[in-house]
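Take a look at the structure set out below.
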Amino acid sequence: MIAIISDIHSNFEALNAVIDDFKNYSITEIFCCGDIVGYGPNPNECIEILKNKNILSVIGNHDAAIIDEVNLDWFNKDAKEAILINKKIISQENLKYIKTLPRYIIKNELLLVHGSPRDPIYEYLLTPNFLEINIKHMKQKICFCGHTHIPLIYSKSSDEKSKIYYPKNNFSIKLEKDKKYIINVGSIGQPRDLDNKACYVIFDDENYILHFKRIDYNFHLTQQKMIQLQLPKFLVERIEFGE
Ligand code: ZN
């Protein structure tokens, strides 16, 4: 079984709660679809967990920003401010780690990116049109991504029929071998589908079953840390409402 997490955004409490949930499964490999840093208060602690648990991650747009690979003007005011605060507290060693992250990971029939197959770091897959273009572009069977913070399953069958589904709560589905999929695994540290629980995915690659999981965590503690660091008020509030 493979676990796929994404968009941790320096939220240590959420990441820890999810790591704890891994114990309920026999997980052999863990991947991360990027955006380890930004928005939240604990970039170093989150990176340490990824290193210690051997979690392989691709680079996200916030990760790219903290190592000056992208102009901060591409980000909104709150996101920009949070990146600058993260940049102040991140260690040199962890900055180096961020610099080693690849743009995509390919594992057999799986592709892992932050944004989209054709634009791995920056493109948002928010519309059927963009999903359609990207699923045609990808050579692998299944793409796992993040970036929008909204869990999604997009499928395309061999007769070109496509379907979009937005999984809510804990949700399992058996995938079909003759279809292609783009799967957004949701966000650990800042969910935006009106559910404040951390979201991640387990892929049972033997039985071809996908499990979306929602995990409660102590967001009050994360909020307190954010207030202490003077992170923008809107960012503090939104993790409580999942928006
Ligand atoms: Zn993100």
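Structural remarks
- Mean separation of Cα contacts under 8 Å (6+ apart) over length of the chain, as relative contact order %: 24 percent
- Separation of alpha-carbon centers, segment 138-173 and segment 193-240, rounded to whole Å: 20 Å
- Extension gain from Lys136 to Tyr124, taking 0.36 nm per residue of separation minus the Cα-Cα distance: 2.7 nm
- DSSP bridge orientation in segment 76-164 - percent antiparallel, rounded to nearest 5: 65 percent
- Cα gyration tensor, the chain - rounded (a/c under 1.5), prolate or oblate: prolate
- At least 20 Å along the helix axis (C-alpha) and Kyte average at least 0.0, DSSP helices within the chain: none
- Of the peptides 1-12, 165-176, 184-195, the order by per-residue mean of other Cβ atoms within 10 Å, starting with the highest, comes out as 1-12, 184-195, 165-176.
- Out-of-range pairs (alpha-carbon distance over 28 Å; input Lys23/Lys163; Lys139/Lys161; Lys87/Lys197; Lys99/Lys139; Lys51/Lys213): Lys23/Lys163
- Solvent-free Debye scattering, log10 I(q)/I(0), computed from the Cα coordinates of segment 1-63 at q = 0.21, 0.22 Å⁻¹: -0.77, -0.84
- Here's the picture: a label point sits 7 Å out from the Cα of Gln92 along the beta-carbon direction, and within segment 42-69 the residues with their amide nitrogen under 19 Å of it are 44-45, 48, 66-68.
- By the beta-carbon count within 10 Å of each Cβ, the least crowded to most crowded order of Asp35, Asp178, fewest first, is Asp178, Asp35.
- Summarising the strand pairing of segment 8-149, around 40 percent of its internal DSSP beta bridges are antiparallel.
- Mean residue ellipticity (222 nm) of the chain, computed from DSSP H runs ≥ 4 via -39,500 (n - 2.57), nearest 500: -9000 deg cm²/dmol
- Per-residue extension of 0.36 nm, minus the Cα-Cα distance of Lys99 and Asn71, leaves a gain of 8.5 nm for this segment.
Bear in mind that the values in this text are calculations on the coordinates, not laboratory data. Quantities reported herein were computed from a predicted structural model and do not represent experimental measurements. In this analysis, Cβ positions are derived from the backbone assuming ideal geometry, glycine residues included, and neighbour counts consider all displayed protein chains.
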